[in-house]
Amino acid sequence: MMGLFDLFKTKKDELSWEDENTYKGETPNCPNCGTSLTKRYVFSEMYCENCRYGLDDIPNDMEDESIDVCDAALIWQSNGKDEDYTFGYSEAELEAALR
């Protein structure tokens, strides 16, 4: 008889999700520092662990997208003032916008 937790066990010949999706190919060198780029999974983008190339880059079409501090404050307040909803503003800025 199969128990509930037996559903979550993997067979010895089955690969874990991480093993199955890990990128194993070669990557080019970083255009900034020359270090070999990292690609963690087959579906992820390449980045440089040395100079952070590829991690800090903001696509041009997203540069102008921002949320007004008043709108951010209302969203922050409606989510119980959760720090995940600050949209880059400080809590002091959000509190001031609510007044």
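The values are calculated or read from the model by the stated rules, or taken from the named source; none is laboratory data. Remember, predicted model here, so these are calculated numbers, not experimental data. Ideal geometry is used to build each Cβ from the backbone, glycine not excepted, and the neighbour counts take in all protein chains shown. Only protein heavy atoms, including side chains, enter the accessible area calculation; ligands, DNA and RNA are left aside. Shrake-Rupley method; radii C 1.70, N 1.55, O 1.52, S 1.80 Å.
For the list (1) at pLDDT 85 or above; (2) of a type in the set (A, V, I, L, M, F, W, C); (3) assigned to a loop (DSSP other than H, G, I, E, B), I need the number of the one condition that I58 fails.
Status for I58: all satisfied but (1).
Every residue, every condition in (1) of a type in the set (A, V, I, L, M, F, W, C); (2) in contact with a Leu (Cβ under 6 Å, 6 or more places away or on another chain); (3) modelled with pLDDT of 85 or more; (4) surrounded by fewer than 10 Cβ atoms within 10 Å (Cβ to Cβ), yes or no:
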{"site": "M1", "(1), (2), (3), (4)": "yes, no, no, yes"}
{"site": "F5", "(1), (2), (3), (4)": "yes, no, no, yes"}
{"site": "L15", "(1), (2), (3), (4)": "yes, no, no, no"}
{"site": "E18", "(1), (2), (3), (4)": "no, no, no, yes"}
{"site": "E26", "(1), (2), (3), (4)": "no, no, yes, yes"}
{"site": "T35", "(1), (2), (3), (4)": "no, no, yes, no"}
{"site": "K39", "(1), (2), (3), (4)": "no, no, yes, no"}
{"site": "M46", "(1), (2), (3), (4)": "yes, yes, yes, no"}
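For a quick check of your reading of the model, give me the residue pairs whose first member lies in segment 76-95 and is closer than 17 Å to S66 by Cα and assigned to a loop (DSSP other than H, G, I, E, B), whose second is of a type in the set (K, R) and open to solvent by less than 60 Å² (accessible area, probe 1.4 Å), with beta-carbon atoms closer than 7 Å and at least 6 apart or on different chains.
none
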